[in-house]
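One structure is given below, encoded as structure tokens.
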């Protein structure tokens, strides 16, 4: 029944796609409220001017609320960043003081204060978020809560799985108590090699994880002993289907911390995002669309359309001049061993390709690979890529 309803919902979304729009957004970003190196207004302004439609600042275990004074780092970049902040927003906006050591402290603006400067109905949206930063046995276990209303403290637990489940449960509990739509997602599972696929398999209520994270230390591609995030994704999809759990979707995010030095050694903005097809630009519409799988993730490739009809996934790329595209279809066959989960079902060159599910296919997802070098990649040689969400019969 779950698979039928998922398929039916996708069909309904597809048939009404003409009334919807694509919205570009980043769900994982940091500011001076935690360990980012710039002011939230400067960061939001960057995303808005780069033609994003929505942004979620997700600082570690804190919401941008209440009084908080930031002691500026004693670096040339921080001083130049402060000067740029004052130049852009004015001395009347910036509240600062010099401490007894001659260092500059700045009172950070709250989300309530800076939100009106940027939000425009139907054009730009800020979504309140938090990176719930937890751990177990020295392993970093981080989960974002998107569109959270109130701060969620790290819940802890007696295993990696239990820590994740306890935090997922807290997000879901707040959603039920407040009636506000929100969702958790698992961040960079390979950061510190903290979260394995076996840690994630028992979870309930988790619908999203980061298949791509732009931080240079998160090991998206795994190594010769450990799985990359795409292999993790296929194992999760296969096992969740076997247990009649909802599909798990893959996100691309920046996880930006650094806004002054741009290179592969820093975690910069603009590396990964989601493109959400929704009725309107509101938190509720974005959450609803994403939970329906009505989005794709990208590091640069733009799609004209993604449709699923008559058990056929059709992908159309919005091409750039002199750029070549390879469209791959990935899935798992019935009865596959773990090593066989996530196999290449078919691929085609060009800007349009489709795949019809065969009788022994459990699902299909598409990966679109261009030969255009990714601008400012965290790993040298990366090209622009996009991932659609899995579709089932």
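The values are calculated or read from the model by the stated rules, or taken from the named source; none is laboratory data. Small disclaimer: the values here were computed from a predicted structure and weren't measured. For neighbour counting, all protein chains shown are included, and Cβ atoms are generated from backbone atoms with ideal geometry for every residue, glycine included.
Only a single item in (1) in a loop (DSSP other than H, G, I, E, B); (2) surrounded by fewer than 24 Cβ atoms within 10 Å (Cβ to Cβ); (3) in contact (Cβ under 8 Å) with a residue 40 or more places away in the chain is not met by residue 301, and it is number (2).
Given the condition touching a residue at least 24 places away in the same chain (Cβ under 8 Å) and under 18 Å from the mean Cα position of the chain (by Cα), answer yes or no: does some residue in region 345-360 qualify? No, region 345-360 contains no residue that is touching a residue at least 24 places away in the same chain (Cβ under 8 Å) and under 18 Å from the mean Cα position of the chain (by Cα). Out of the residues in region 239-253 that are touching a strand residue (DSSP E or B) at 6+ places or on another chain (Cβ under 8 Å) and not in a strand (DSSP E or B), which is surrounded by the most Cβ atoms within 10 Å (Cβ to Cβ)? Step by step, filter region 239-253, then rank; the result is 248. Figure legend. Inter-residue proximity from region 69-94: first residues within 14 Å of residue 38 (Cβ to Cβ), second residues modelled with pLDDT of 95 or more and exposed (fewer than 12 other Cβ atoms within 10 Å of the Cβ), beta-carbon distance below 7 Å, spacing 6+ or different chains. Indicated pairs: 77/261.
The set of residues from region 208-238 being touching a strand residue (DSSP E or B) at 6+ places or on another chain (Cβ under 7 Å) and closer than 24 Å to residue 158 by Cβ comprises just one member, 209. Of the strands (runs of 3 or more DSSP E) that lie entirely inside region 340-386, those containing 3 or more residues that are closer than 10 Å to residue 326 by Cα and either in the same structural domain as residue 218 (by TED's automatic domain parsing) or modelled with pLDDT under 95 (or both) span 343-349, 363-373. Note on region 218-238: residues that are assigned to a loop (DSSP other than H, G, I, E, B) and over 16 Å from the mean Cα position of the chain (by Cα) total 8.
Here is a yes/no grid of residues against (1) assigned by TED's automatic domain parsing to the domain that holds residue 256; (2) under 30 Å from residue 165 (Cα atoms); (3) in contact with a helix residue (DSSP H, G or I) (Cβ under 6 Å, 6 or more places away or on another chain):
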{"residue": "81", "(1), (2), (3)": "no, no, no"}
{"residue": "97", "(1), (2), (3)": "no, no, no"}
{"residue": "114", "(1), (2), (3)": "yes, no, yes"}
{"residue": "133", "(1), (2), (3)": "yes, yes, no"}
{"residue": "136", "(1), (2), (3)": "yes, yes, yes"}
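Tell me which residues, restricted to region 315-331, are out of contact with any helix residue (DSSP H, G or I) (no Cβ under 8 Å at 6 or more places or on another chain), assigned to a strand (DSSP E or B) and under 20 Å from residue 274 (Cβ atoms). 315, 316, 317, 325, 327, 328, listed by residue number. Any residue at all in region 290-298 that's in contact with a helix residue (DSSP H, G or I) (Cβ under 9 Å, 6 or more places away or on another chain) and farther than 27 Å from residue 215 by Cβ? Yes, that holds for at least one residue.
The strands (runs of 3 or more DSSP E) found wholly in region 88-206 and carrying at least 2 residues that are touching a strand residue (DSSP E or B) at 6+ places or on another chain (Cβ under 6 Å) and surrounded by 13 or more Cβ atoms within 10 Å (Cβ to Cβ) occupy 104-107, 129-136, 139-146, 183-186.
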